[in-house]
Structure formats: structure tokens, C-alpha cells
Amino acid sequence: DGKVYNPTTEPETKRPRRLPLGCTLRHLWGWRLLVKVMQTIFSLVAVVCEELVEECYNCSGLYFFEFVSCSAFLLSLLILSVYCTDLYESLGEDKVQKV
């Protein structure tokens, strides 16, 4: 025969289905994915609405709203990026759950 390498005895496992840019929906799917996407969209809308305010007389509440809505948007993006990319496996499930 003369072959140097034999075919492997272990079956090839199929890689999980990936979306473009290395995304995967393996860890976040169904209603949880929908909720996180809606949370991200609503927090972005809140940031945009806050930026549309041109004039205010007592701005402390507006500044607090700006901080909260911007923080919510950034944290939502972080959660989506961790759960929907390979970063979840890189960090490990136990570390992700702790955070």
C-alpha cells in the first residue's frame, strides 16, 4: 500500500454552525437572545433620546439618565459579545457565570 498515514479511527465531529464574523448562537438562543437584543436596542434608543435634549434647567437627572443608559448599552454589548463569540469558551463557563 505504501501509505504513511492511516485514516483516523475517530469520527470527525461537525463544527457548530457559525454566523459571519465568528459568531455562534450556541450559548445564547431562543427567548434569552431576543431579550438581550431588545435590551441592547432599547438602551441605544435611550442614549440617542438623551442626546436629543438641547436645553435643561435642572440637569442632574438628565446626567444620571445618560450614565445609566450608556452603561446599560455598553454592558449589553459586552454580554452579547461574550455569549455569541468564542470568548465564552476562552474565558470558561465558570468565570463567565461569576462575572
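The values are calculated or read from the model by the stated rules, or taken from the named source; none is laboratory data. Computed from a predicted model, the values in this text were never measured in an experiment. Note that we place each Cβ from the backbone using ideal geometry, even for glycine, and neighbour counts take in every protein chain shown. Accessible surface is based on the protein model in full, side chains and every heavy atom, while ligands, DNA and RNA are left aside. Shrake-Rupley method; radii C 1.70, N 1.55, O 1.52, S 1.80 Å.
State which residue pairs qualify: first residue under 15 Å from residue 40 (Cβ atoms) and inside the range 77-88, second residue open to solvent by 70 Å² or more (accessible area, probe 1.4 Å) and assigned to a helix (DSSP H, G or I) in any location, beta carbons under 8 Å apart, and separation of 6 or more residues or different chains.
Once the first residue is under 15 Å from residue 40 (Cβ atoms) and sits in the range 77-88, its partners that are open to solvent by 70 Å² or more (accessible area, probe 1.4 Å) and assigned to a helix (DSSP H, G or I) give 81/87; 82/91.
Looking only at the range 49-86, count every residue that is farther than 24 Å from residue 98 by Cβ, assigned to a helix (DSSP H, G or I) and hydroxyl-bearing (Ser, Thr, Tyr) and tell me the total.
Here is the first cut: in the range 49-86, the ones farther than 24 Å from residue 98 by Cβ are 49-67, 69-70.
Still in the list and also assigned to a helix (DSSP H, G or I): 49-52, 60-67, 69-70.
Of the ones still in play, those that are also hydroxyl-bearing (Ser, Thr, Tyr) are 60, 63, 69.
Residues flagged as farther than 24 Å from residue 98 by Cβ, assigned to a helix (DSSP H, G or I) and hydroxyl-bearing (Ser, Thr, Tyr) within the range 49-86 amount to 3.
Tally time: how many residues in the range 90-99 are without any contact (Cβ under 8 Å) to a residue 12 or more places away in the chain and under 9 Å from residue 27 (Cβ atoms)?
Matching residues across the range 90-99 total 1.
If I ask for residues that are assigned to a helix (DSSP H, G or I), within 30 Å of residue 93 (Cβ to Cβ) and open to solvent by less than 90 Å² (accessible area, probe 1.4 Å), which ones from the range 28-48 would you list?
Once the filter is applied, which keeps residues that are assigned to a helix (DSSP H, G or I), within 30 Å of residue 93 (Cβ to Cβ) and open to solvent by less than 90 Å² (accessible area, probe 1.4 Å), the range 28-48 yields 33, 35, 36, 37, 38, 39, 40, 41, 43, 44.
Pairs please, first residue from the range 33-62 and more than 18 Å from residue 80 (Cα to Cα) and in contact (Cβ under 8 Å) with a residue 60 or more places away in the chain, second anywhere and loosely packed, with under 15 Cβ neighbours inside 10 Å and aliphatic (A, V, I, L, M), Cβ atoms under 7 Å, 6+ apart in sequence or on different chains.
Pairs found: none.
For the range 17-27, check the following and say yes or no: at least one residue is part of a helix (DSSP H, G or I), open to solvent by 50 Å² or more (accessible area, probe 1.4 Å) and modelled with pLDDT of 90 or more.
Scanning the range 17-27 turns up no residue that is part of a helix (DSSP H, G or I), open to solvent by 50 Å² or more (accessible area, probe 1.4 Å) and modelled with pLDDT of 90 or more.
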